[in-house]
Amino acid sequence: ESKGITEEMRFVVMNLKNSKGSGRLSVDSQPSDENHETKVDAGDESSWQPSLDGFLKYLVDSKLVFDVIEDAYFRKTGLERSESLARDLKWFRQQNMLIPEPSSPGISYAAYLKELSQKSAPLFLCHFYNSYFSHIAGGQVIAKQVAEKLLGEKELDFYKWDNDAQELLKDVREKLNRLGEHWSRDDKNKCLKEATKSFREECECNAVRGFAIVSMQRSGSGWFETMLNSHINVSSNGEIFSVKERRSNASTILKTLDQVYNLDWFSSASKNECSAAVGLKWMLNQGLMAHHEEIVRYMNQKGVSTIFLLRKNLLRRMVSMVANSYDRDAKLLNGTHKSHVHSPVEAQLLASYKPKINVTELRHKLKVEEVKIAKALEYFNSTRHMIVYYEDLIANRTETLLKVQEFLRVPYRNLTSRQIKIHRGPTANQVENWDDIKTALNGTSHQSFLYDDYRR
């Protein structure tokens, strides 16, 4: 067998592949124990509880994608999956099961493949080959696990071939290598770059899903992001737009977003494992509001979702802001400033400073923040979005993070963070002039901020 572009693709894919992956992540999973506190390893077989609804969505999306793949190049290879998927979905209907509509990611990916098939053979054929390769490589594992857990040993046609699948794939590989001999080095490099997008270990029919955590400073976004990044399939790249040059105008913002969502942005959050959701953390004062029209248009075109992370109690946020600002100069931790800490000792030391809040400007500043939040929710309302409140994370972390993972459409995992909460207990214990604050807010629309405290 000749070596060629497929060998180069294999090298790229194997470098990306998670050594513990098995393809089973293609089926949406559910938590096996809602109160489980131990971090779940991706390879922990016992923790994986597939969802029939998730599996049906996977089959529907797979058929949509294979319909496109099998209507373009290299027809009648013997690898075709569309007809077998149609038979499987017919069987599910006969069992009186509701077949879902294709998902937004599935529709987006199929449309992307259709576009590639018309404008770039090298890029399209990268997806073509890797779709069959990953399905054959992991399909048998998926079939066995799903049959055992969901279908009562029913074998699906999606995982069966009339002839030896490896030999059929070898024939396709030979044809693709011969075709690749006529490609320029630039076309080959583009094909290899496309491999990072096409190899989806958990569900080859789904493109990488983009998201943005939209928040405000001192709203728990650092803690929230570290928990997301503890998920094996999620990469959130931090406050990319804290660098002013990247947000100098709408054009530079969109160019930076392209790098992130095209998987060309590398940070400590980047994973060698199969990333199913990739995003960033974005503060409202980092160009987001000033260029909201262009950004919303971009997000809707690219299918980028918004996770609003907000605080209900803006007085608590203000206390944290003032204390953090003070520490920038005071550097209470051995002459260094830290916005986030990893030990109770450090948290206690930072919390020992009790700021004095300017009550003359207090209500005005609270109103300004409320208006800012309202405008952000209005501006980004047309994007696919969810709202997460910091207080809900504190009160019920497991349930809140489950909803976030469902929103991102990634398998459920217990998410963890090393960060420690700094300001604990009632607000009265965190400030110097509590009586003045009470006098300023009592009887106003902000009175509830005096009493809405956390239990932890």
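Read-outs throughout are calculated quantities, based only on the coordinates presented, and are distinct from any laboratory measurement. Bear in mind the structure is a predicted one, so any value in this text is a computation, not a measurement.
Things worth noting here:
- Binning all Cα-Cα separations of region 345-405 at 10 Å, short to long from zero, yields these whole-percent fractions: 16, 23, 38, 21, 1.
- In terms of distances greater than 23 angstrom between alpha carbons, the cross-link table entries K160/K193; K193/K255; K76/K160; K338/K403 yield K160/K193; K338/K403.
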